[in-house]
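J.: Okay, here's the structure, questions in a sec.
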Amino acid sequence: MKKYSYVGISFVILIFGIIFIPKIVNRVKDTSIVKNDRMSADNPVANEKLSYLKINGKPRKVPEFAFLNQDSLLITNHDYKGKVYVVDFFFTSCPTICPKMSRNLVYLQNKLKDYQNFGIASFTINPKRDTPRILKKYAENYGIVNPDWNLLTGEREDLYELANAGFNIYAAENPEVPGGFEHNGYFALIDQEGYIRSRYDASGNPIIYYRGTIGVEEKMDENGEEEQVTVLLEDIKKLLKENE
């Protein structure tokens with residue numbers, strides 16, 4: 001009797017293998033299992049809210065600042081209260097990464113033109129040259145039309161303190177590099193309450209800042225780094241919906 005039972009079980013296993021294993025293999029090949037698992041409701045990385053940049057365990061807010069914009073108006077961090085905005089550091093005579101960064105910000109501006117609570121704050125690291133008049137011309141050349149996109153200038157020491165200490169985004173004068181200044185090509189994302197936010201990477205760690213030097217159409221740079229403007233756009237929209 002046991003002999004016939006084993007034969008029956010073996011027959012069932014054989015039939016299962018013939019019918020179902022090829023389907024499982026095909027699903028693995030087209031990555032549908034991996035993709036569905038990655039985006040499932042049980043995946044904390046896929047569904048986690050945006051992280052906070054924390055210093056000594058406390059969420060980091062944008063430091064107080066007050067600078068003149070391209071219209072010679074005094075703009076402070078309080079003017080961005082209730083808005084989601086992006087921060088970058090640049091200079092108008094930059095021959096390398098700044099034009100790419102500015103074009104990416106224009107891309108975000110145009111994609112978010114229907115959102116009244118979105119803004120951008122671009123701080124020059126060459127205030128000696130970048131007066132409000134120069135910044136105004138730069139804004140016109142790049143098609144900057146968002147009324148909450150301020151190109152800001154002021155005292156050199158204050159601007160460098162904001163970049164290096166306030167955001168930990170490197171900025172410095174260097175006569176040996178093209179343009180005479182160097183800086184990180186990052187975008188910082190700020191929420192309505194002034195906190196620095198970012199998404200998590202695939203390992204569950206906050207990315208902190210977004211790469212701003214690779215265009216959407218480029219997809220990837222020569223070092224294999226992927227563009228992050230697309231994910232930044234997604235995360236801006238996520239923050240805009242947080243307080244709806």
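J.: Going by amide H atoms built from the backbone, whose H comes under 5 Å of the H on I214, apart from near neighbours?
T.: Amide H neighbours of I214: Q228.
J.: Using the Karplus equation 6.51 cos²θ - 1.76 cosθ + 1.60 (θ = phi - 60°), what ³J(HN,Hα) coupling, rounded to whole Hz, does each residue of region 127-142 give in order, writing x for Gly and Pro?
T.: Values per residue, Gly and Pro as x: x, 4, 8, 7, 7, x, 5, 5, 5, 4, 5, 4, 4, 5, 5, 9 Hz.
J.: Between region 71-128 and region 188-218, how far is it from one alpha carbon centroid to the other, in angstrom?
T.: Rounded to whole Å, the Cα centres lie 15 Å apart.
J.: Continuing with the same structure: Please list, ordered by chain and number, the residues whose modelled amide H lies under 5 Å from the amide H of W149; skip anything fewer than 5 residues away on the same chain.
T.: Residues meeting the criterion, in which the H sits 1.01 Å from N, are I120.
J.: How much net charge surrounds G143 when only other residues with a Cβ under 14 Å from its Cβ are counted (Lys, Arg +1; Asp, Glu -1)? Provide the component values of the computation, followed by the final result.
T.: On the way: positive: R103, K111, K113, K136, K137; negative: E140.
Charge balance near G143 sits at +4.
J.: Further question: Determine ³J(HN,Hα), in whole Hz, for all residues of region 64-70 in sequence, where each value follows from phi through the Karplus function 6.51 cos²θ - 1.76 cosθ + 1.60 and θ = phi - 60°; x replaces Gly and Pro.
T.: Couplings: 4, 8, 8, 9, 8, 9, 5 Hz.
J.: Whole-Hz Karplus ³J(HN,Hα) for region 203-214, in order, using 6.51 cos²θ - 1.76 cosθ + 1.60 and θ = phi - 60°, x for Gly and Pro?
T.: 8, x, 9, x, 7, 6, 10, 10, 5, x, 9, 10
J.: Now for a different question. Do the alpha carbons of any pairs in K58/K128; K136/K237; K49/K137; K100/K238; K58/K137 sit beyond 32 Å of each other, and which pairs? Kindly include the intermediate steps, with their values, before the conclusion.
T.: Working: K58/K128 35 Å; K136/K237 28 Å; K49/K137 38 Å; K100/K238 24 Å; K58/K137 40 Å.
The pairs that break the limit, which is 32 Å between Cα atoms, are K58/K128; K49/K137; K58/K137.
J.: Using the Cβ atoms and a cut-off under 15 Å, what net charge is assigned to the surroundings of Q192, where Lys and Arg are +1 and Asp and Glu are -1?
T.: Numbers: positive: K49, K61, K81, K83, R197, K237, K238, K241; negative: D79, D148, D191, E193, D235, E242, E244.
For residues surrounding Q192, the net value is +1.
None of the figures in this text is laboratory data; all of them are computed from the coordinates on show. Not measured: the values here are computed from a predicted model. Note: ideal-geometry Cβ built from the backbone for every residue, glycine included; neighbour counts use all protein chains shown.
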